[in-house]
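The values are calculated or read from the model by the stated rules, or taken from the named source; none is laboratory data. These numbers come from a predicted model, not from an experiment. All Cβ positions, glycine included, derive from the backbone under ideal geometry; neighbour counts span all protein chains shown. When the accessible area is computed, the model is the full protein with side chains, heavy atoms only, and any ligands, DNA or RNA have been set aside. Shrake-Rupley method; radii C 1.70, N 1.55, O 1.52, S 1.80 Å.
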Amino acid sequence: MWLLLAFTSAILLGFYDTSKKAALKDNAVLPVLLLNTLFCSLIFAPVTVSSIVAGTVSLKVHLLLFIKACIVLSSWILGYFGLKHLPITTVGPINATRPVLVLIGAMIVFGERLNLLQWTGVILAFVSIFLLSISSREKEHIDFVHNRWIWCVAGAAVIGAISGLYDRYLARMIEPEIVQGWYNIYQFLLMGIICLSMRWIPSARLRKENPSAAMVGGPFRWKWSILLISLFISAADFAYFSSLQQPDSMISVISLIRRGSVIVSFFCGVIIFRERKNMKAKLLDLGLILLGMIFIWLGSR
């Protein structure tokens, strides 16, 4: 059952990434993220209200979920800015390395040791990113070393891996709907503080005197894809946390399966956004990452 939930989460994540790219095109970043956290909070509002009435969420759990919100929101902010300025066919393969980072994190934090198959998968993943950086520099003029948006995506991937390790801890003690309901509320409150501190004005245009206009990402325009972001990520995360709760589930395998979402987002990028530059090299890099994921899965059995 947990494998089916993990695959369902992966497919939904692919459409989530595609919706993000559509929503962020020629649009302000932080307002899109603010609305995303608002809609996600509303989706799980019945759960959070019932938990308040029943008094089932302790202060310790609230603290743990606030930490979760800080970790996820940091990853989302970096990832949203990176995705706005880069092709989704470039961002997808970079994000697909998260299971590798989870493995390395598990080795450092939990003292786990990688076997030969797992090390093979790790090496293949890093080779694929190296080749992607070379082909992107030559064909798309994207310098992985000096491009700040690449660093944003890389930072989002690292923090996302930290979130995955933290989820391993949370899933055994807190119901998935409680996790999603409360950490989305905390994310919305944090995003509200960020937008207010940057003096973002919720209108069709930003005032010219607003010094934070560049950071916000320009003028905001409503798109229905913003709502789709919230629907897809809420469903994907619910399937993910439900999978983690199964007694025989394995976080390393679940993380790998979820990163299979890159297949969905990659081909959506080609078909919907017509990102067809450097396709042969990107397909090769994607193939290497998927091959690396297979080796990691074989080594994790």
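Brief remarks follow.
- Some residue of region 201-215 being modelled with pLDDT under 65, open to solvent by 90 Å² or more (accessible area, probe 1.4 Å), assigned to a helix (DSSP H, G or I) and of a type outside the set (S, T, N, Q): yes
- Residue within region 39-47 that is open to solvent by less than 50 Å² (accessible area, probe 1.4 Å), under 15 Å from LYS223 (Cα atoms) and part of a helix (DSSP H, G or I) present: yes
- Some residue of region 233-253 being open to solvent by 30 Å² or more (accessible area, probe 1.4 Å) and at pLDDT 85 or above: yes
- Residue in region 132-153 that is in a helix (DSSP H, G or I), within 29 Å of MET250 (Cα to Cα), within 20 Å of the chain's Cα centre (by Cα) and not β-branched (Val, Ile, Thr) present: yes
- PHE273 meets the stated requirement of being outside any helix (DSSP H, G or I), modelled with pLDDT of 85 or more and at negative phi.
- Of all the listed residues (ASP237, ASP248), the sole one being among the acidic types (Asp, Glu) and within 29 Å of SER128 (Cβ to Cβ) is ASP237.
- Some residue of region 163-173 being hydrophobic (A, V, I, L, M, F, W, C), within 22 Å of the chain's Cα centre (by Cα), under 21 Å from ARG259 (Cα atoms) and not in a loop (DSSP other than H, G, I, E, B): yes
- Exactly one residue among LEU101, LEU83, LEU117 is part of a helix (DSSP H, G or I) and either open to solvent by less than 10 Å² (accessible area, probe 1.4 Å) or at positive phi (or both), and that residue is LEU83.
- In region 128-144, the residues that are free of Cβ contacts under 8 Å to residues at least 40 places away in the same chain, within 16 Å of GLY287 (Cα to Cα) and open to solvent by less than 40 Å² (accessible area, probe 1.4 Å): SER133
- Flag if ASP17 is within 12 Å of the chain's Cα centre (by Cα) and open to solvent by 10 Å² or more (accessible area, probe 1.4 Å): yes
- Remark: pairs (first residue in region 39-65, farther than 19 Å from MET173 by Cβ; second residue open to solvent by less than 70 Å² (accessible area, probe 1.4 Å) and among the hydrophobic types (A, V, I, L, M, F, W, C); Cβ separation under 7 Å; 6+ apart in sequence or on different chains) = PHE39/LEU227; CYS40/ILE233; SER41/ILE185; SER41/PHE188.
- Out of ILE178, ILE150, one residue alone is among the aliphatic types (A, V, I, L, M) and open to solvent by 20 Å² or more (accessible area, probe 1.4 Å). It is ILE178.
- Within region 279-295, the set of residues being over 16 Å from SER265 (Cβ atoms) and open to solvent by less than 50 Å² (accessible area, probe 1.4 Å) comprises ALA281, LEU288, GLY292.
- Evaluation of SER51 against the conditions (1) open to solvent by 20 Å² or more (accessible area, probe 1.4 Å); (2) over 22 Å from TRP149 (Cβ atoms) shows that the sole unmet condition is (1).
- Within region 87-94, not a single residue is part of a helix (DSSP H, G or I) and either over 18 Å from the mean Cα position of the chain (by Cα) or at pLDDT below 80 (or both).
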